[in-house]
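Quick note: the coordinates plus some simple rules give every number you see, no bench work behind them. Computed from a predicted model, the values in this text were never measured in an experiment. Here the Cβ positions follow ideal geometry from the backbone for every residue, glycine too, while neighbour counts run over all protein chains shown.
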Amino acid sequence: MIINCIIIDDEPLARKGLKEYIAEIDFLNLAGEFENAIKATELLSKGNIHLLFLDIQMPKITGLDFFKSLQMAPPVIFTTAYPQYALEGFDLNALDYLVKPISFDPKSKRVLRNTTAQRRDGCRKKRRLFFYQVGQQAGKDFFR
C-alpha cells in the first residue's frame, strides 16, 4: 500500500529533512510540499492525499487552525518546535506529534504504517494506539 503524503512547513530546512526521511520509507510517496497551508488546499481538495506532515507555527494560519478548518482531513502528523501544543494535536486525533529536530526510528515507521492502514481500510472500531517519542509514551483513542 502506497501512502500519498504532503509536507506543509514554512521552514525550508525542515521540509528538506522531512523529504529525506520520507524518501527512505518505501510505503510513502511525497505528492507535494508547501511553504504555507493555503497553498496546499487545492491539492488536498482532490482527495488523494492520505497523510499530512503539518507544521504548527506558520504565517497566515497555524497548522492547528488549518487542520481544524478541513472538512475531509487526512490523518496528520504534526511537526513543530513547540511541544506545548501536543495535547491539542492529539485532541485532533493526530497520528503523531514530532518535535523538531525530527528523527524517525523503526518504531515510528511501524506506528505510521499500522495507523494509516487502519484509516485507509475504513476501520470504524475504537482502537487504542500508543505514540512514542523520546522515551515518553502518550496514549490516544483513535477513531475514523
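Quick look at the numbers
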| quantity | calculated |
| --- | --- |
| Sequence-distant residues sharing a close amide H with LEU28 (under 5 Å, placed H) | ILE3 |
| Kirkwood-based Rg to Rh ratio, the range 22-94, C-alpha trace | 0.94 |
| Around PHE78: net Lys/Arg minus Asp/Glu count, Cβ-Cβ under 11 Å | -3 |
| For the range 72-79, 3J(HN,Hα) per residue [Karplus equation, 6.51 cos²θ - 1.76 cosθ + 1.60, θ = phi - 60°, Hz, x = Gly/Pro] | 10, 7, x, x, 10, 10, 7, 10 |
